[in-house]
Amino acid sequence: MRRTGIITIILSAFLFSSIFAAEVSTITVSKPRVEAERIIVPIELTNSVPMTGLDLPLEYSKGVTLEEVTFEGTLSEDFDFRHANIDNSKNLVILGFIPMIFGVNPDLAAGRGVIANLVFSIDDPTVKSVELTPVTMEDGSHAPMFIYTNEKGEQFDVTPELVGFNAELPVSEVNGGNLPRTFALKQNAPNPFNPTTVISYDLPKAAHVSLEVFNVLGRKVKTLVNGFQEAGSQSIVWDGTDNSGASVASGIYFYRLGAGEFNATKKMMMLK
């Protein structure tokens, strides 16, 4: 069974000073989960008083793609208006919520819960963290804002004092080891060798892998790997034989790794 390590995301909450004495509403992120190699990041709201609306533009750092924002099973599921405008070219998402727009639903009651789930995919395996920063749009169309309605039915907005938060992505565990952060082809050992040598390589994510040996004329001598492999540190022994099982002659050989879009070649020497 394929295993996917849960990537724990630790974020600092951002707070605002409410006009309600000694009362503070917060937005933070609860424990994420991984589904089909995508990271589900829940956005959690704690509101101390009923809330009429929320506007929240967020920039996210490079190396990730925001695939979608989902609302099913969250506090915002019954909102009349739920909005998520994603612009991956600018690494920007604008979240907007209004519980009552048609005069049917009440304000969001005071409480705590998830209001949206951000679904990310990791594009750059070297990324160690994802920074999320609340922003104000240059044209003024959107800004971090919480909207309330007082006892007289009058609406007003509160501009929170926001602090960017950082999502740290610790190394996941796969098969008891640390998942590599980058693709890498390592030098064989021993080198020179006779009659066997070990070729090792790193896969930060699962991929179709080909590992082949060539002679100095560029002719393929041996196919060592040709198939799908899980993420992790991998190694294979070459016994100095070709695809027919015959021992190769002394000399210089090249081994080439292809894994997804990654390609690398190294040189080794066979001595008899």
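The values are calculated or read from the model by the stated rules, or taken from the named source; none is laboratory data. These numbers come from a predicted model, not from an experiment. No Cβ is skipped: glycine too gets one built from the backbone with ideal geometry, and neighbour counts run over all protein chains shown.
Test each condition in (1) modelled with pLDDT of 85 or more; (2) out of contact with any Asp or Glu (no Cβ under 8 Å at 6 or more places or on another chain); (3) within 17 Å of residue 264 (Cα to Cα) for residue 181 and report the one that comes out false.
All conditions are met except number (1).
Here is a yes/no grid of residues against (1) farther than 26 Å from residue 127 by Cβ; (2) assigned to a loop (DSSP other than H, G, I, E, B); (3) small (Gly, Ala, Ser):
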{"site": "195", "(1), (2), (3)": "yes, yes, no"}
{"site": "198", "(1), (2), (3)": "yes, no, no"}
{"site": "214", "(1), (2), (3)": "yes, no, no"}
{"site": "217", "(1), (2), (3)": "yes, yes, no"}
{"site": "221", "(1), (2), (3)": "yes, no, no"}
{"site": "235", "(1), (2), (3)": "no, no, yes"}
{"site": "244", "(1), (2), (3)": "yes, yes, yes"}
{"site": "252", "(1), (2), (3)": "yes, no, no"}
{"site": "255", "(1), (2), (3)": "yes, no, no"}
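Is it the case, given these coordinates, that residue 87 is of a type in the set (Asp, Glu), modelled with pLDDT of 85 or more and surrounded by 18 or more Cβ atoms within 10 Å (Cβ to Cβ)? Please lay out each step first, then the result.
Working: of a type in the set (Asp, Glu): yes; modelled with pLDDT of 85 or more: yes; surrounded by 18 or more Cβ atoms within 10 Å (Cβ to Cβ): no.
So residue 87 fails the test.
Tell me yes or no: at least one residue of the stretch 262-270 is in the same structural domain as residue 181 (by TED's automatic domain parsing) and part of a loop (DSSP other than H, G, I, E, B).
no
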